[in-house]
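Notes to accompany the following structure.
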Amino acid sequence: MTLDSKIPPGPLEEKWDRHKFTMKLVNPANKRKFTVIVVGTGLAGASAAASLGELGYNVLSFCIHDSPRRAHSIAAQGGINAAKNYQNDGDSVYRLFYDTIKGGDYRSREANVYRLAQNSVHIIDQCVAQGVPFAREYGGMLDNRSFGGAQVSRTFYARGQTGQQLLLGAYQALMRQVSAGTVTIFPRREMLDLVVIDGEARGIVTRNLLTGELESYAAHAVVLATGGYGTAYFLSTNAVQSNVTAAWRAYKRGAFFANPCFTQIHPTCIPVSGEHQSKLTLMSESLRNDGRVWVPKTPGDTRPPAQIPESERDYYLERRYPSFGNLVPRDVASRNAKDVCDDGRGVGETGLAVYLDFADAIGRLGVETIRSRYGNLFDMYKRITDEDPYKVPMRIYPAIHYAMGGLWVDYNLMSNLPGLHVLGEANFSDHGANRLGASALMQGLADGYFVIPYTIGDYLASAKLPAVTTDHDAFEGARATAQDRISRLLAVHGRRSVREFHRALGAVLWDDVGMSRTDQGLRNAVAKIRTLREEFWQDVSVPGEESNLNPSLDYAGRVADYFEFGELLALDALHRTESCGGHFREESQTPDGEALRDDEHFSYVAAWEFTGLDQAPVLHKEPLVWENVQPTQRSYK
Ligand SMILES: Cc1cc2nc3c(=O)[nH]c(=O)nc-3n(C[C@H](O)[C@H](O)[C@H](O)COP(=O)(O)OP(=O)(O)OC[C@H]3O[C@@H](n4cnc5c(N)ncnc54)[C@H](O)[C@@H]3O)c2cc1C
C-alpha cells in the first residue's frame with residue numbers, strides 16, 4: 001500500500017490557501033445532518049468540537065474526565081509559539097517553519113509545518129478574543145519569551161499556567177455550543193473501540209466509567225484527540241490518566257501508527273526521589289530564559305552549591321553551545337544532562353540531577369521580576385522539594401514528557417482509515433523526531449480551530465456515507481471485543497497489582513528505550529516486554545466489578561494496551577538504526593556525541609500496520625520530500 005500524504009501542489013506558501021479553495025464545502029443547511037464524534041476535550045479536541053459545533057455540525061464530544069476542563073492540556077505551563085514578530089527581533093512565518101523543521105531533526109513534513117507556522121498567528125488572535133489573559137508588557141502589547149531551539153522571542157504565555165488559560169478559553173467556546181444545542185458532551189466515557197464499516201470509521205464503543213455500561217455511538221466521521229502516550233513509561237510529566245487506549249484500539253482496527261519511537265524527554269523535571277511516586281513534575285522550559293544550567297567541574301564534588309566557586313562550575317550548555325546556550329532544544333539539553341551525570345558530576349543525593357540556577361538573574365533583574373515571571377513554578381518546586389529556589393539552585397533531571405509519534409494522518413489530518421481524523425498529540429504530524437517547546441499547544445489549537453473545520457467538510461461533502469445505526473453488526477462486534485477484554489481482566493484474579501506491572505514496564509522502557517538506545521538493549525526490551533505481558537495476563541489483580549465505578553479496571557485496561565504498544569515502540573526504535581532528535585542510537589553519533597542521522601536510509605515516516613497480536617507489524621514508509629529546506633547536520637553551536 002502506498003501512503004498518500006495528500007500534500008497539495010504549488011509553492012509552499014500557497015499550498016494551504018489553494019487547498020482551502022479547492023476543497024469541497026458542505027452547504028450550511030446540510031451541516032446539521034452530519035454527526036461528528038470528537039473523542040478528547042484537551043486543547044485539540046475542545047477547539048475542534050467547539051469549531052465544528054459553531055459551523056453547525058451535530059457534534060458528540062467524549063472524555064474520560066468528569067469535566068472537559070480536566071484534560072491533561074490544563075497542565076501546560078510555559079507558553080505557545082506564534083510568528084507574530086511583536087518583538088521585531090527577526091521572526092517570521094518562514095523562521096518558525098524553519099526552526100520547527102530543524103528542531104524536529106528533519107523528520108517532519110514541510111507542508112504541514114509551514115501551515116502550522118501560518119496558522120500560529122491566528123491562534124493568538126482567536127484566544128485573545130476569547131479573553132485568554134496572556135501576559136502583557138507595560139504598554140499593553142502581548143509579551144513574549146524565548147523557548148529552546150529559537151533565537152527569537154515568540155512564546156506567548158500566561159505566567160506558568162498557559163495551558164489552563166487556553167483550555168478555559170476553548171472550554172467556554174465548547175460550552176457555548178452545548179447551550180446552542182450543536183454539541184452534546186459525554187464526560188466519564190472511555191472509548192474502547194472504533195467501529196469501521198465498509199472501510200470507513202463510523203462510530204465508537206465507549207464504557208461509561210460510572211456505571212460500567214458499554215455504549216455505542218454512530219456518526220459520519222470520528223475525530224480522535226486523545227493525547228499522547230508518555231505514561232507508557234510509568235513515570236512521566238503527563239497526567240496519570242493519559243493513555244494510548246483510543247489510538248491503540250484504532251490501530252488494531254486498521255489505522256497506522258507512525259514513528260512511535262519518537263518520544264520526547266524533557267530536560268527540566270524534578271528528579272525521581274523514590275519508589276513512592278506515580279508521576280513527575282515538570283519545571284517549564286521557560287525557566288531556561290533566566291536560569292543557568294551547571295554542574296561541578298570535578299566528579300564526586302558533593303559540596304553544597306553555594307560553596308562551589310564560579311571557577312569550579314561547568315556551565316556546560318553555555319560552553320558547548322555558545323549560540324543557543326541554555327536554550328538548546330530539549331533532546332540536546334537532555335542528552336547533555338545525562339552525559340555529565342554519567343561522568344560522575346551529577347548533584348543531589350542520587351547524582352542524577354543538575355543545577356538550574358537563578359542567582360545571576362535575580363541579581364540582574366531583582367527577585368520581584370523573577371517572581372512575576374515564574375512565581376507559581378517556584379512555589380510548586382518549593383512545595384515538592386522543601387527547598388527555596390530563590391535561594392538555592394533548583395535540581396533538575398530529564399523525564400519523559402511528550403509523544404511526537406502517533407496515529408498516521410495525511411495533510412487533511414485524516415488517517416489511512418477514511419473518516420478517522422486524528423488531532424493534537426494523538427497524531428504524529430508536525431514535530432518530527434523532537435518537538436520544540438511551546439509548539440504542542442500551537443499544534444493542538446491549529447488542528448482544532450483552523451485545520452479540521454475545513455478538511456472534515458471536504459471529506460463529508462465528498463464521501464458517500466450510507467446511513468448506519470448502532471444496530472449494525474460492526475457495533476455488535478466491537479462491543480463484544482470490548483466486553484471480552486474486560487471479562488478477561490477481571491477473571492485473572494492474580495496477586496500483583498496493575499501499578500506493579502506498569503512500573504515494571506516503565507523501567508524497561510526507560511532503561512532500554514529511553515534517552516539512549518542500542519541494538520542489544522532494544523532486543524532485550526522486546527523480549528522483556530513480551531514476558532511481562534504474559535505475566536500480566538496470568539497474575540494481575542483487578543479488584544471490583546465491571547458494572548460499577550471501578551478505577552482499577554480502567555487502569556488495567558490502559559496498562560494492558562501499553563504492554564502491546566510498548567513492544568511496537570521498541571520495534572520501531574530497533575528498526576531505525578539512525579539517531580535523530582530524541583531517538584538516540586548509540587551506534588549512530590557524531591565524533592562529539594551529537595545525533596547522527598542517516599538520510600539515505602531513514603528519511604521517511606515509519607507507519608506501522610497491525611497484523612495480529614503476536615505477528616510482526618508491517619512497515620509502510622512515507623518518504624519525506626525536501627523542496628524548500630536542505631537537511632543538514634543540526635547544530636546549535
Ligand atoms: C507538565 C506539562 C507542561 C506542558 N507545557 C507545555 C507548554 O508550555 N507549551 C506547549 O506547547 N506544550 C506543553 N505541554 C504539552 C501539551 O500540554 C500537550 O501536548 C497538549 O496539551 C496535548 O493536548 P491534546 O488536546 O492533544 O491532548 P490532552 O490534553 O492530553 O487531552 C486528551 C483528551 O482525551 C481524553 N481521552 C483520552 N483517552 C480517552 C479515551 N480512551 N476515551 C475518551 N476520552 C479519552 C481525555 O479525557 C482528554 O480530554 C506540556 C505538557 C506537560 C505534561
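Scanning region 511-531 for residues that are assigned to a helix (DSSP H, G or I) and open to solvent by 20 Å² or more (accessible area, probe 1.4 Å) yields D511, D512, D519, Q520, R523, N524, A527, K528, R530, T531.
Among the residues making up region 151-172, those that are open to solvent by less than 30 Å² (accessible area, probe 1.4 Å) and either within 14 Å of the ligand (Cβ to nearest atom) or part of a strand (DSSP E or B) (or both) are R154, T155, F156, Y157, A158, G160, T162, G163, L166, L167, G169, A170.
Yes/no per residue for (1) open to solvent by 10 Å² or more (accessible area, probe 1.4 Å); (2) farther than 27 Å from I80 by Cα; (3) more than 16 Å from the ligand (Cβ to nearest atom); (4) touching a residue at least 12 places away in the same chain (Cβ under 8 Å):
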| site | (1), (2), (3), (4) |
| --- | --- |
| N434 | no, no, no, yes |
| M442 | no, no, no, yes |
| Y454 | yes, no, yes, yes |
| D458 | yes, yes, yes, yes |
| A467 | yes, yes, yes, no |
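Taking the criterion of being in contact with a Phe, Trp or Tyr (Cβ under 9 Å, 6 or more places away or on another chain) and open to solvent by 30 Å² or more (accessible area, probe 1.4 Å), the residues of region 358-372 that qualify are I362, V367, R371. Restricting attention to region 245-254, does a residue exist that is within 11 Å of the ligand (Cβ to nearest atom), β-branched (V, I, T) and modelled with pLDDT of 95 or more? Within region 245-254, one or more residues are within 11 Å of the ligand (Cβ to nearest atom), β-branched (V, I, T) and modelled with pLDDT of 95 or more.
Would you call E190 within 21 Å of the chain's Cα centre (by Cα), more than 30 Å from L327 (Cα to Cα) and open to solvent by less than 40 Å² (accessible area, probe 1.4 Å)? Criteria met by E190. Tallying residues that are free of Cβ contacts under 8 Å to residues at least 24 places away in the same chain and not aliphatic (A, V, I, L, M) within region 518-543 yields 7.
When R335, R288 are checked against the criterion of being within 16 Å of the ligand (Cβ to nearest atom), at pLDDT below 95 and among the charged types (D, E, K, R), R288 stands alone in meeting it. Return the residue satisfying two criteria in turn: it lies in region 226-244 and is open to solvent by less than 10 Å² (accessible area, probe 1.4 Å) and near the ligand (Cβ under 9 Å from one of its atoms), and of such residues it is nearest to the chain's Cα centre (by Cα). The residue in question is G228.
Residues considered: V205, V196. Of these, the only one that is open to solvent by 10 Å² or more (accessible area, probe 1.4 Å) and farther than 30 Å from V132 by Cβ is V196.
Conditions tested, residue by residue: (1) open to solvent by less than 10 Å² (accessible area, probe 1.4 Å); (2) within 17 Å of the chain's Cα centre (by Cα); (3) under 23 Å from G149 (Cα atoms).
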position	(1), (2), (3)
F262	yes, yes, yes
T268	yes, yes, yes
V272	no, no, no
N289	no, no, yes
T298	no, no, no
S311	no, no, no
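Return a yes/no flag: does region 140-149 have any residue that is farther than 22 Å from V328 by Cα and assigned to a helix (DSSP H, G or I). No, region 140-149 contains no residue that is farther than 22 Å from V328 by Cα and assigned to a helix (DSSP H, G or I). Which of the residues belonging to region 56-80 are crowded, with 20+ Cβ neighbours inside 10 Å and over 30 Å from F147 (Cα atoms)? Result: Y57, V59, L60, S61, F62, C63, I64.
Suppose we keep only residues that are of a type in the set (S, T, N, Q) and within 30 Å of R576 (Cα to Cα) within region 504-557. Which one would you say is nearest to the chain's Cα centre (by Cα)? The selected residue is S516.
Taken over region 85-124, the criterion of being closer than 27 Å to N376 by Cα and surrounded by 19 or more Cβ atoms within 10 Å (Cβ to Cβ) is satisfied by S120, I123, I124.
Would you mind stating whether E564 is on the phi < 0 side of the Ramachandran plot, in a helix (DSSP H, G or I) and exposed (fewer than 15 other Cβ atoms within 10 Å of the Cβ)? Considered against the rule, which asks whether it is on the phi < 0 side of the Ramachandran plot, in a helix (DSSP H, G or I) and exposed (fewer than 15 other Cβ atoms within 10 Å of the Cβ), E564 comes out as no. When A50, A29 are screened for being over 19 Å from A111 (Cα atoms) and in contact (Cβ under 8 Å) with a residue 60 or more places away in the chain, only A50 passes. Scanning region 333-356 for residues that are crowded, with 20+ Cβ neighbours inside 10 Å and in a loop (DSSP other than H, G, I, E, B) turns up R345, G346, V347, A353. For region 589-613, the tally of residues that are in contact with a Cys (Cβ under 9 Å, 6 or more places away or on another chain) and either among the basic types (K, R) or not in a helix (DSSP H, G or I) (or both) stands at 5.
Every residue in region 28-43 that is open to solvent by less than 80 Å² (accessible area, probe 1.4 Å) and away from the ligand (no atom under 16 Å from the Cβ), please. Matches in region 28-43: A29, N30, K31, F34, T35.
Restricted to region 263-285, and to residues there that are among the β-branched types (V, I, T) and assigned to a loop (DSSP other than H, G, I, E, B), the residue that is nearest to the ligand (Cβ to nearest atom) is T281.
Across region 57-116, the qualifying residues are those that are in a loop (DSSP other than H, G, I, E, B) and touching an Asp or Glu at 6+ places or on another chain (Cβ under 6 Å), and the one among them that is farthest from the ligand (Cβ to nearest atom) is N85. Of everything listed in (1) more than 23 Å from S92 (Cβ to Cβ); (2) surrounded by 19 or more Cβ atoms within 10 Å (Cβ to Cβ); (3) not aromatic (F, W, Y), the single unmet condition for P133 is (2).
The values are calculated or read from the model by the stated rules, or taken from the named source; none is laboratory data. Bear in mind the structure is a predicted one, so any value in this text is a computation, not a measurement. Cβ: placed from backbone, ideal geometry, glycine included. Neighbour counts: every protein chain shown. Ligands, DNA and RNA are excluded from the accessible area calculation, which covers all protein heavy atoms including side chains. Shrake-Rupley method; radii C 1.70, N 1.55, O 1.52, S 1.80 Å.
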